[in-house]
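In what follows, a structure is listed as structure tokens, so that the remarks can point back to it.
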Amino acid sequence: ALPIYTIFNFIDNQSQNHMFWQYLFKRKNFINSLKKVTFGIRDGKAISFSQFGDVKVEYPDFDEQKHIAITLNKIDDTIQLHERKCEELALIKKVLLQKLFPKKDEIKPEVRYKNFSDAWEQRKLGDLGKAKSGFGFPESEQGGKEGVPFFKVSDMNLKGNEFEMATATNYVTHEQISLKKWKPIEEVPAIFFAKVGAAVLLNRKRLCRLPFLLDNNTMAFSFDVQK
């Protein structure tokens, strides 16, 4: 039996485009087809030539293979460039977080903007605003798609919520809010974060710009606009 990764070397570059086949072999449809012929293989055994040969695939002629491969490869190159750029920006951000904020027991950061030299002010968070805890969210009330967002810790993982809470899995109507006597947090912007579990250790926090509700595993901090 031969591991799949060595089979790539057997493709004739004059009649088949190896890069096209590399992309084809990574497609979900191909993987699912492969699972059918490898069903029952256990204990690290490799797929055999005959089993691999039983997999059915659809593919175009060489010229179209070449065009598809070139297009996808250009996209991959662009993605890699952006990934490297993101890594560089993440490193720059890490350095700036260390230099633009005071170190422990210090009152001035290492790097200052022009015309700023005063020591940073120190106050208790309670003097600047207030924290509010969430409350139980009955399953019978969940599933709504319109109204006021009712955030859970898991909503931080939704696409688009990487920095700011833009969407929620559950929304509740004003009728629900009135009946349950819920009190949405209307002092926004506010900082939304977890108060229990592994999410606390991950130090995940999100900005909220619109009124919202939150469950009992989370908290929010709002600044007092009058202070």
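Assorted remarks:
- Counting 0.36 nm for each residue step from LEU81 to HIS18 and taking away their Cα separation leaves a gain of 20.4 nm.
- Taking 7 Å steps out from each Cα toward its Cβ at TYR113 and HIS67 produces label points 5.2 nm apart.
- Fraction of beta bridges assigned by DSSP in the chain that are antiparallel (%, nearest 5): 80 percent
- Beta-bridge orientation, region 108-227: approximately 80 percent antiparallel, per DSSP, counting only bridges with both partners inside.
- Gap separating the Cα centres of region 155-226 and region 114-145, nearest whole Å: 9 Å
- Pairwise FRET efficiency - SER50 versus LEU202, Cβ, R0 = 45 Å, nearest 0.05: 0.40
- Cβ-placed point charges (K, R +1; D, E -1), dipole of the chain about Cα centre in debye, nearest 20: 760 debye
- Cα gyration tensor shape of region 165-227, rounded if a/c is under 1.5, else prolate or oblate by comparing a/b with b/c: oblate
- Relative to the longest principal axis of the Cα atoms of the chain, helix 28-37 runs at roughly 60 degrees.
- Added length on full extension, which subtracts the Cα-Cα distance from 0.36 nm per residue, LEU158 to ASN29: 43.8 nm
- Cβ-derived FRET efficiency at R0 25 Å, ASP224 paired with SER133, nearest 0.05: 0.90
- 0 to 90° range, to nearest 10: angle between helix 62-99 axis and the chain longest Cα axis: 30 degrees
- Mean residue ellipticity, 222 nm, helices only, the chain: the sum of -39500 (n - 2.57) across DSSP H runs of n ≥ 4, divided by residue count and rounded to 500, is -10500 deg cm²/dmol.
- Normalising the average separation of contacting C-alpha pairs (under 8 angstrom, six or more residues apart) by the number of residues puts the relative contact order of region 117-227 at 37 percent.
Rule-based calculations on the coordinates, nothing more; no lab input. Small disclaimer: the values here were computed from a predicted structure and weren't measured. Quick reminder, even Gly has a Cβ in these numbers, built from the backbone with ideal geometry, and neighbours come from all protein chains shown.
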